Structure formats: structure tokens, C-alpha cells
1. Here's a check for you: in region 141-158, which residue that is of a type in the set (D, E, K, R) and not in a loop (DSSP other than H, G, I, E, B) is farthest from the chain's Cα centre (by Cα)?
2. Select from region 221-263 the residues that are in contact with a Phe, Trp or Tyr (Cβ under 9 Å, 6 or more places away or on another chain), surrounded by 14 or more Cβ atoms within 10 Å (Cβ to Cβ), without any contact (Cβ under 8 Å) to a residue 40 or more places away in the chain and in a helix (DSSP H, G or I) and list them in ascending order.
3. Name the one entry in LEU44, LEU80, LEU54 that is surrounded by fewer than 16 Cβ atoms within 10 Å (Cβ to Cβ), of a type in the set (A, V, I, L, M), closer than 20 Å to ALA131 by Cβ and modelled with pLDDT of 95 or more.
4. Specify the residue that is modelled with the lowest pLDDT; the eligible residues are those in region 1-41 that are aromatic (Phe, Trp, Tyr) and touching a Lys or Arg at 6+ places or on another chain (Cβ under 8 Å).
5. Output the number of residues of region 82-98 satisfying the condition of being touching a strand residue (DSSP E or B) at 6+ places or on another chain (Cβ under 7 Å) and not in a strand (DSSP E or B).
6. Give VAL138, VAL170, VAL177, VAL86 a once-over and let me know the one that is farther than 21 Å from ARG283 by Cα, assigned by TED's automatic domain parsing to the domain that holds CYS15 and in contact with a helix residue (DSSP H, G or I) (Cβ under 7 Å, 6 or more places away or on another chain).
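The values are calculated or read from the model by the stated rules, or taken from the named source; none is laboratory data. On a predicted model such as this, the values are computed, not experimentally measured, just so you know. Glycine also receives a Cβ, built like all others from the backbone with ideal geometry; neighbour counts cover every protein chain displayed.
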Amino acid sequence: MRFLRISAFAKINLCLDILGRRADGYHELRTVFQTISLHDTLELSLTRNPGIVLECDDPSLPLGRENLVWRALDVLRRALRLRSGVHAMLHKQIPAGRGLGGGSSDAAAALIGLLRLTGRRLPAPRLLEIAAGLGADVPFFLCGGRALGVGRGDEIYPLPDLPRRAVLVVSPASIAVPTRDAYAWVSSTLTERRPASKIWCFCALCWSPQWNALSNGFEKAVFARHPRLGTIKRKLLQGGAAEAALAGSGSAVFGVFPDPAQARRTARSFSDDRAFVVRTLSRKEYLRALGWPGVF
């Protein structure tokens, strides 16, 4: 095989708890990820010229070492000791820097795509190690569906999938929330003791076969600095969403709708922002779309 096209799907966080700062400087997290059908597209081909060439239809993104796709291809190419070069074309649809995991998903798609393109394999622990080295969310995208993330968010435990739901994602046109800033804003609460009851509630939520209330530990601090994001959440709930929450550390906000038609009607009220009506993806659907058996 000399050419391959692969999708890189976005994620939302059904719940996200920030537990504190670790000795290594990272933050201890407890989160439940969920893949959705919004996706970028990555095209890969092997070349006779050594090295990596990355192109992208979003001119705002870097194309060298600063780009996770480039780094993913570079580290895997070295691990596989490939002599061939790689040409990659990234078509962006997931808004960058909005908490939807686009960069991490693109990196995971690059890893999976290059393995498929070359017909090569790596032991699952080694592949997960490479993924975690690229970014905390990247290992999740080797799994997809619904999964628990602990540690930095890079220790992944697959969870039972929930019934399919429509999701309306609203990406504000003029609000960006750098992840580093979001963590700084919540730092004053990180030393608070977490009640044991909250831990048990979290465990119950993980294993419940039904949809439950969404939660995000970034919301209070982020909404205080960007009140419009709180307004978007309220508007989603008023528009018929069963639940709504901030995506990751923001600035996208999403609502979960039992009725896709209602989600489409509500999307029309966000004409000043980018609004995407998509749906949740089960693990089976996710892995089938990627042509990938998974690592768990």
C-alpha cells in the first residue's frame, strides 16, 4: 500500500475532575472521554525521498516539529526504522484549540495510519508509550468510544458504550482558552480535599449504562473569565439539550440531545459561531472507521 486516507475523530469529556498538581508538574485528572463523529481527514503516502513532508489546509497551523502529526510520524518512522519518507496532507474540520482533542486525534491517526500503510506492528505497550509521549490525550484515540482517563489523562480504561446521542458542538468564533491558562485559573482550588462521596459518584457514573449529568472542573473558572461560554451552555439547555458542558478546558461548549432534529434547530441560533451537529461514536464504530483493531 502506498496511499491511505484516515479519519481523526474529535472527543468530548462527559466528566472531568482536576485532582491536584503532581510531583512531575502535570495535573492529576479523572475524566471520561467520548468520541464524536466530527473529524479531520489525514492522507498519508510513502515516498522515496527520506523525511517527512506535512501539508495542511489550515494556514494557521505549523507544519514542522511543532505539529503533533509531524512528530507522530517522525517518532514512529524511527521506531519502525523505515527507509521510506512520508508525505501527509491534513484536512482540518475540528476547530483547533477548543478542547475537542483535534491535535491529539490527528497524532493518533498518524500513528495508526502509518502502521496500516506499512503493514507493520508494534507491541501495544510500546505504541501506548509513544502515544503518551506525544500528548496526554493521544492514547485515548487509540481506543475510542467511551473510556476512563486517569493520571495525566493518559492511563486509559475502556468503558461500556452508552446509547447513541446527537451532540451539538458550539465553537465560539472569538474566544480561545489556552490550556495553560485554564489550569492556572483553577489552581487555587486544587489543594481542596475531595469528598469520598464524590469519588464513589464518579465510579458509579463510569459504569452506568445510561446517560448521567455532565460535569467539568474547568467550568467555574473558565466561565468566570468568559461569561459568554456560560451563556452558550444555558442556551443549549434552553434549546432542548438534556445536558451541556464545556469541552475539555474550552472554549467549545457542547450539548447532548436525545432528538437530532432538535439539535439541528438549536444550531441555527448560533449563527455567529461555528456549530456542528454530530453524534456519539461507539468503540466498535470508531475502530471500524479507522480500520484498526485497537490496543485494549
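1. Here the answer is GLU155.
2. If the condition is that a residue be in contact with a Phe, Trp or Tyr (Cβ under 9 Å, 6 or more places away or on another chain), surrounded by 14 or more Cβ atoms within 10 Å (Cβ to Cβ), without any contact (Cβ under 8 Å) to a residue 40 or more places away in the chain and in a helix (DSSP H, G or I), then ALA221, GLY230, LYS233, LYS235 are the ones that fit.
3. LEU80
4. Within region 1-41, the match that is modelled with the lowest pLDDT is TYR26.
5. 6
6. VAL86
Every residue, every condition in (1) surrounded by fewer than 16 Cβ atoms within 10 Å (Cβ to Cβ); (2) not in a helix (DSSP H, G or I), yes or no:
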site: LEU100; (1), (2): no, yes
site: ARG126; (1), (2): yes, no
site: PRO139; (1), (2): no, no
site: PRO160; (1), (2): yes, yes
site: SER187; (1), (2): yes, no
